[in-house]
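> Shown below is the structure under consideration.
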Amino acid sequence: GKDTGCRGNTGILEKDVVLDLAKQIKELCQQSQIRVLLTRESDVQLRPSERIHIANQNQGQFFLSLHCNASFSFKAEGIRLCINNSSGELKSVSQSGLSGRTSQHDIIKVLSQDDFLMQSRKFAALLQKELEPYATATIPLTEIPLVTLSGVYMPAVLIEIGYLSNETDEVRLANADNISAMAMAIVQAIQKYTGESN
């Protein structure tokens, strides 16, 4: 769709990189009898609310959101993991003074993500371990409020697979073999998570 996401200096687009990665993850998971549902299979635009609806409607075991990153600093690089943490959301709202009130609808959304915080952390830890060989440094796990994950009623992790604004990361993300290796690492984390969850 029109939202290309981040764009690298060579013209590589986030939307293309993550769709390729997602399709490879799906194919590898299917070989292991793990059912994967992508929120998009082609170059179409979906709002975050549409992705959340697809996930919740299909009652997934977990939700994985794939992204590339970008920064004004060309030095920013590497893989990052994020999970939605409602206490971070409530804290940031009160600190910023943006809102003195929380609607009943917001409380329900916050509590729904809290139900899965421990499982999200567990899945993120497995991803950290499996993706470590493809990272230039320790992979940080950040717990912040995320619109992309806030309404998902299941464990959820967001992966930033690298910075398209960083020359080294861009080369890595443009390499088909590297994307395939990352897909395999993510699938290994998925296999371990689903095995332990069962």
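The values are calculated or read from the model by the stated rules, or taken from the named source; none is laboratory data. Since the model is a prediction, treat every value here as computed from it, not as a measurement. Ideal geometry is used to build each Cβ from the backbone, glycine not excepted, and the neighbour counts take in all protein chains shown. Areas reflect the complete protein model, heavy atoms only, side chains present, ligands, DNA and RNA absent. Shrake-Rupley method; radii C 1.70, N 1.55, O 1.52, S 1.80 Å.
> Provide the gained length on full extension for the span Lys192 to Val171, in nm with one decimal, where the gain is 0.36 nm per separating residue minus the Cα-Cα distance.
Working it through step by step, the gained length comes to 4.6 nm.
> Another question, then. Between Phe62, Phe116, Phe74, where does the largest GNM mean-square fluctuation fall for the chain, given springs only between Cα atoms within less than 10 Å?
In the Gaussian network model the winner is Phe74.
> Output the Kirkwood hydrodynamic radius of the chain, Cα pairs only, in Å rounded to one decimal.
Over the chain, the inverse of the mean reciprocal pair distance is 17.5 Å.
> May I ask you to derive the relative contact order of the chain, considering only C-alpha pairs under 8 Å and at least 6 residues apart, and to give it as an integer percent?
Value for the chain: 34 percent.
> Okay, next question. Amide H neighbours of Phe63 under 5 Å, counting only residues 5+ apart in sequence or on other chains, H built in-plane at 1.01 Å?
For Phe63, whose amide H was placed from the backbone, the distant partners under 5 Å are Ala156, Val157.
> Test of understanding: what is the full-extension gain from Lys23 to Val44, defined as 0.36 nm times their sequence separation minus their Cα-Cα distance?
6.1 nm is the gain from fully extending Lys23 to Val44.
> A follow-up question, please. Could you tell me which of Thr194, Pro155, Ile34 has its Cα farthest along the dipole of the chain towards the positive end, charges placed at Cβ (Lys, Arg +1; Asp, Glu -1), taken about the Cα centre?
So the residue furthest toward the plus end is Pro155.
> Tell me, what ³J(HN,Hα) does each residue in the range 7-20 have, in order and in whole Hz, if you take phi through Karplus 6.51 cos²θ - 1.76 cosθ + 1.60 with θ = phi - 60° and put x for Gly and Pro?
10, x, 4, 8, x, 5, 10, 3, 4, 6, 4, 6, 5, 4
> Same structure, new question: Enter the accessible area of Asp43 (Å², nearest 10), with the probe set to 1.4 Å and all protein chains included.
It works out to around 80 Å².
> So, with +1 on the Cβ of K and R and -1 on the Cβ of D and E, and no other charges, what is the size of the charge dipole of the chain about its Cα centre, to the nearest 20 debye?
Using only the charged Cβ atoms, the result is roughly 380 debye.
> Placing +1 on the Cβ of each Lys and Arg and -1 on the Cβ of each Asp and Glu in the chain, which of Ser165, Leu127, Asn58 has its Cα farthest towards the positive end of the resulting dipole?
Positive-most Cα among the choices belongs to Asn58.
> While we're on this one: Find how much the distance from Phe74 to Ser32 grows on full extension, using 0.36 nm per residue of separation minus their present alpha carbon separation; answer in nm with one decimal.
11.3 nm
> Which percent of the accessible heavy-atom area of the chain goes to carbon and sulfur, probe 1.4 angstrom?
Accessible surface attributable to carbon and sulfur in the chain totals 52 percent.
> If you build a Gaussian network model of the chain, linking Cα atoms that sit under 10 Å apart, which residue out of Arg35, Arg121, Arg80 swings the most?
Fluctuation is largest for Arg35.
> Sticking with this structure for a sec: For the chain, with every protein chain kept in place, what is the accessible area per residue (1.4 Å probe, Å²)?
55
> Then there's this: Given the options Lys26, Lys75, Lys129, state which has the largest fluctuation in a GNM of the chain using a 10 Å cut-off (strictly under) for Cα springs.
Ranking Lys26, Lys75, Lys129 by mean-square fluctuation puts Lys75 first.
> Follow-up question, since we're still on this one. If you count only protein heavy atoms and use a 1.4 Å probe, how large is the accessible surface of Thr4, to the nearest 10 Å²?
Its heavy atoms expose roughly 30 Å² to the probe.
> If amide hydrogens are placed 1.01 Å from N in the peptide plane, which non-local residues have theirs closer than 5 Å to the one on Ser71?
Here Ser165 satisfy the definition.
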